[in-house]
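Notes follow the structure.
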């Protein structure tokens, strides 16, 4: 009886696609495991050596930063840079496109957030982290955009891009959504990942993605202030921004679809066969379940 071949022959298109998907999944899983493992060890050590400080917001902030960006991210970057990809081709764009992209990001994120709140019955609202405002701003408006854009829009996107630019864009956005580890943020992060990924493909540069990510997070952080300032006008203003952002997003999507190939449909089948990418996504679901 002839034995079935499980893996494609080395050097085949399917074998190379699986290799790239597995490398991407292993890199993402290394970040997640390194982050959560290091954070648990830091909390355990603090609980043994300084129990009074183990639950302090300032300590938790430092523990999150060191675990996520000092342990998890370097492990993921090391893994993917073992076989680096060629840098993306830089593309010139007409002036004003970045403003259109900013409107698409902000407006579509608000639309996604409103839809999430409607679906979850208000359960999508983020809980208070307890972090000091200054430290929260540093983490969400500086460290997170720099780290996440480098990993998702440079390393992960470029690792998957030979499988088709549009497939790479969608797959990286799915990973970005699950990376945030909260049901209330999945749709929001998925939309943000699609917009930022499209900008990365369109420009071949990382800095526009970083700037847009920083600005969007800063706007979200300051939302209690400007929503209070708008008062009763906040509802119509948000609806207008969401509608305008969705129109800008359609424009960006059409531009991206016209400029880049879609890739093979079998890539999504290979996505699930790659083992490491589904494992990383399932791990995030499991971690969310444990956190309640």
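The values are calculated or read from the model by the stated rules, or taken from the named source; none is laboratory data. Small disclaimer: the values here were computed from a predicted structure and weren't measured. So basically every Cβ, Gly included, is an ideal-geometry build from the backbone, and we count neighbours across all protein chains shown.
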Please tell me if residue 243 is part of a helix (DSSP H, G or I) and buried (at least 18 other Cβ atoms within 10 Å of the Cβ).
no
Can you spot a residue in segment 271-282 that is farther than 30 Å from residue 40 by Cβ, modelled with pLDDT of 85 or more and either surrounded by fewer than 16 Cβ atoms within 10 Å (Cβ to Cβ) or touching a helix residue (DSSP H, G or I) at 6+ places or on another chain (Cβ under 8 Å) (or both)?
yes
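Residue by residue, here is whether (1) more than 26 Å from residue 151 (Cβ to Cβ); (2) buried (at least 19 other Cβ atoms within 10 Å of the Cβ); (3) in contact with a strand residue (DSSP E or B) (Cβ under 9 Å, 6 or more places away or on another chain); (4) modelled with pLDDT under 95 holds:
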position	(1), (2), (3), (4)
7	yes, no, no, yes
11	yes, no, no, yes
24	no, yes, no, no
28	no, yes, no, no
32	no, yes, no, no
43	no, no, no, yes
52	yes, no, no, yes
79	no, no, no, no
93	no, no, no, yes
